[in-house]
Amino acid sequence: MPAQRQPSLVRRATMVVNRRAGALKRTVQQAHRRGGWSTALTEGAYLFGELAARPARRWREQRLERRWNLDTRADTSVPHPDPGAAAFDDAVRYSPIPIHHFERLLRRLPLDDPRDYAYVDLGCGKGRTLALAAQHRFLEVTGVEFDTRLGDIARANAYAYAAAVPDAPAITVHTIDAVDFQFPGTPSVIFLFNPFGADTLKAVANNLMKSLDDEPRRVILAYFNPVHADVLEACPVLRRTASARHWTIYESAT
């Protein structure tokens, strides 16, 4: 059996190496066309570092999931929303944020003590960031997920995390459309990992604007993979305060 398995492992390893080499080559070529050799070398070095570190980062993610008894891996199944219930048909398929990216983003949030802020993940999927936010000791942690199956998994993960870390902040998961979510009236950090399209994001931004008009307070919005950042740039109650390769941070202007 080991002798039969070895060629298969070699083929898989070869495929992975070829795929990553191809990704690196395409990135360097695109960067060169965009900004010359300086840009190409910068982009190539960054991607090479990311690819080289990926096995260790995946091992760490798996170790954390085993420790807390979670399942937040990528999901390839068919979405299970409530038919006809969504205000807009623009949901994006679930993909978990890499833990190291989320931790970097948390370190850049302009807040002194997370215990003074509620944490909300709009489009939380299986709830990976909910456990990480609870570990970060936010005042309370809330996930909003429209897909009923993913919402159930996020809720199960919240229970598992609470069992593994009994003194952690409470985690609540709401299985509703993000446009129907009522924002907490306390200072908050709102996180989005490109969970939906521009139409839903506009409705969410309008709801946030009304909420801030009713109860002025500090809100920090962290948008990872900001595909529709133009929507938030146009929101009069938000101002961009920081940005990086993968994310943009906004704060309430009130």
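If we only count strands (runs of 3 or more DSSP E) wholly inside the stretch 88-200, which ones have 2 or more residues that are within 20 Å of His228 (Cβ to Cβ)?
Details: elements: 118-122, 140-144, 171-174, 188-193.
The strands (runs of 3 or more DSSP E) meeting that bar are 118-122, 188-193.
If I filter the stretch 176-193 for residues that are polar (S, T, N, Q) and farther than 19 Å from Val219 by Cβ, do I get at least one hit?
Quick first cut of the stretch 176-193, residues polar (S, T, N, Q) only: 182, 186, 188.
Going one step further and asking which of them are farther than 19 Å from Val219 by Cβ, we end up with none.
Within the stretch 176-193 (the criterion being polar (S, T, N, Q) and farther than 19 Å from Val219 by Cβ), the answer is no, since none of the residues qualifies.
Can you tell me which residue is surrounded by the fewest Cβ atoms within 10 Å (Cβ to Cβ) among those in the stretch 126-153 that are in contact (Cβ under 8 Å) with a residue 60 or more places away in the chain and not polar (S, T, N, Q)?
Here the answer is Arg149.
So is Gly185 at positive phi and either assigned by TED's automatic domain parsing to the domain that holds Leu201 or of a type in the set (D, E, K, R) (or both) or not?
Working: at positive phi: no; either assigned by TED's automatic domain parsing to the domain that holds Leu201 or of a type in the set (D, E, K, R) (or both): yes.
Considered against the rule, which asks whether it is at positive phi and either assigned by TED's automatic domain parsing to the domain that holds Leu201 or of a type in the set (D, E, K, R) (or both), Gly185 comes out as no.
Would you point out which residue out of Ala198, Ala163, Ala244, Ala203 is touching a residue at least 60 places away in the same chain (Cβ under 8 Å) and closer than 20 Å to His101 by Cα?
Step by step, each of Ala198, Ala163, Ala244, Ala203 is checked, and only Ala244 is touching a residue at least 60 places away in the same chain (Cβ under 8 Å) and closer than 20 Å to His101 by Cα.
So Thr200 clears everything in (1) at pLDDT 95 or above; (2) within 21 Å of Lys126 (Cα to Cα); (3) over 20 Å from the mean Cα position of the chain (by Cα) except one condition, right? Which one?
So the condition that Thr200 fails would be (3).
Which residue out of Leu238, Leu221 is over 19 Å from the mean Cα position of the chain (by Cα) and surrounded by 15 or more Cβ atoms within 10 Å (Cβ to Cβ)?
Leu238
Can you confirm whether Phe181 is buried (at least 16 other Cβ atoms within 10 Å of the Cβ), closer than 20 Å to Ser95 by Cα and not β-branched (Val, Ile, Thr)?
Criteria not met by Phe181.
Any idea which residue in the stretch 205-254 is nearest to Asp113 (Cα to Cα), counting only those that are modelled with pLDDT of 95 or more and among the basic types (Lys, Arg)?
Arg218
Tell me which residues, restricted to the stretch 114-125, are of a type in the set (Gly, Ala, Ser) and crowded, with 24+ Cβ neighbours inside 10 Å.
Within the stretch 114-125, just Gly125 meets the criteria.
The values are calculated or read from the model by the stated rules, or taken from the named source; none is laboratory data. Keep in mind that what you see is a predicted model, and the values were worked out from it rather than measured. Reconstructed Cβ throughout: ideal geometry from the backbone, glycine too, with neighbour counts over all protein chains shown.
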